[in-house]
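Student: Provided herewith is a single structure, encoded as structure tokens, for subsequent inquiry.
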Amino acid sequence: MKFNLLTVLLACMIIGTASAQNVNIGIKGGLNLYTIAGDGDEGNDYKPSFHIGLLGHIHMSDNFALQPELVFSAQGAKYGDDQKLDLNYLNVPVMFQYMFDNGFRLQAGPQVGFLLSAEADGNDVKDNLTGTDLGLGIGMGYVNPESNFGFDLRYNHGLSNINENDNFDSFNRGFQLGVFYLFKHRN
């Protein structure tokens, strides 16, 4: 139900905004540095991984844009001596951007993540976690109009408890450094 509602809302926002504005489509990928924070998660360290996906960049005015994305993101945490939690999500962030004239952008917006798989040291633990993760992303980026390439740096702050266990709360927290390419980029 949540997925269907989110899909309809996202589609309405994109179609309504895109009908009269400049739309750029692109691909992105890069590095993740994620951990799990919350009650009982004090010993967790950041786990390096990656993300890859698609983006739409919709100009709403000269300085404002909406950037919906569909991103596969490998997340999780390292804990103990050699142990790790591997979480794979399909994330759907919708970033609102303020664009400066020199190519730099500030961005913030909500993100919903759908848990695809979860393993702790080779054991399937997906049933111990919630299927969706709501969060907030904030960051900055830059695009070079001549090459259509850009980069972004983002912090994602999980707002919903991903732990099905009522004994403690756990939240996804992480950084992303990515590069992107916009096809037929237009300002």
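The values are calculated or read from the model by the stated rules, or taken from the named source; none is laboratory data. All values derive from a computational prediction rather than experimental measurement. Cβ placement follows ideal geometry from the backbone for every residue including glycine, while neighbour counts extend to all protein chains displayed.
Student: From the set of residues in segment 143-154 that are of a type outside the set (D, E, K, R) and in contact (Cβ under 8 Å) with a residue 12 or more places away in the chain, which is nearest to residue 169 (Cα to Cα)?
Tutor: Among those that are of a type outside the set (D, E, K, R) and in contact (Cβ under 8 Å) with a residue 12 or more places away in the chain, it is 153.
Student: Please determine whether any residue of segment 173-187 is surrounded by 15 or more Cβ atoms within 10 Å (Cβ to Cβ) and either basic (Lys, Arg) or more than 30 Å from residue 62 (Cβ to Cβ) (or both).
Tutor: Yes.
Student: In segment 150-167, what residues are surrounded by 14 or more Cβ atoms within 10 Å (Cβ to Cβ), assigned to a loop (DSSP other than H, G, I, E, B) and of a type in the set (A, V, I, L, M, F, W, C)?
Tutor: 162
Student: Moving to a separate point now. Just to check your reading of the model, which residue among 170, 147, 117 is at pLDDT below 95, surrounded by fewer than 19 Cβ atoms within 10 Å (Cβ to Cβ) and small (Gly, Ala, Ser)?
Tutor: 147
Student: Next question. What number goes with the only condition from (1) closer than 25 Å to residue 146 by Cα; (2) surrounded by 14 or more Cβ atoms within 10 Å (Cβ to Cβ); (3) in contact (Cβ under 8 Å) with a residue 40 or more places away in the chain that residue 93 does not pass?
Tutor: The single condition residue 93 does not satisfy is (1).
Student: Being closer than 30 Å to residue 127 by Cα, surrounded by fewer than 21 Cβ atoms within 10 Å (Cβ to Cβ) and not aliphatic (A, V, I, L, M) is the filter here; which residues of segment 43-77 pass it?
Tutor: 43, 45, 46, 48, 49, 50, 53, 68, 72 - these are the residues of segment 43-77 that are closer than 30 Å to residue 127 by Cα, surrounded by fewer than 21 Cβ atoms within 10 Å (Cβ to Cβ) and not aliphatic (A, V, I, L, M).
Student: Further, regarding this structure: Would you point out which residue out of 143, 125 is farther than 22 Å from residue 52 by Cα and among the β-branched types (Val, Ile, Thr)?
Tutor: Matching residue, one of 143, 125: 125.
Student: So which residues in segment 48-61 are assigned to a loop (DSSP other than H, G, I, E, B) and in contact (Cβ under 8 Å) with a residue 24 or more places away in the chain, if there are any at all?
Tutor: Initial filter on segment 48-61 (assigned to a loop (DSSP other than H, G, I, E, B)): 60-61.
Within segment 48-61, just 60 meets the criteria.
Student: Further, regarding this structure: How about segment 120-134: which of its residues are part of a strand (DSSP E or B), surrounded by 14 or more Cβ atoms within 10 Å (Cβ to Cβ) and among the charged types (D, E, K, R)? First the steps, then the outcome.
Tutor: Here is the first cut: in segment 120-134, the residues part of a strand (DSSP E or B) are 120, 123-124, 129, 132-134.
Filter once more, keeping what is surrounded by 14 or more Cβ atoms within 10 Å (Cβ to Cβ): 120, 129, 132-134.
The one that is part of a strand (DSSP E or B), surrounded by 14 or more Cβ atoms within 10 Å (Cβ to Cβ) and among the charged types (D, E, K, R): 133.
Student: Now for a different question. Which of the residues spanning segment 96-114 are surrounded by fewer than 14 Cβ atoms within 10 Å (Cβ to Cβ) and outside any strand (DSSP E or B)?
Tutor: Of everything in segment 96-114, those that are surrounded by fewer than 14 Cβ atoms within 10 Å (Cβ to Cβ) and outside any strand (DSSP E or B) turn out to be 100, 101, 102.
Student: Restricting to segment 117-142, name every residue that is free of Cβ contacts under 8 Å to residues at least 12 places away in the same chain and charged (D, E, K, R).
Tutor: Selection gives 124, 126.
Student: What is the residue count in segment 78-112 for residues that are closer than 30 Å to residue 123 by Cα and at pLDDT below 95?
Tutor: 8
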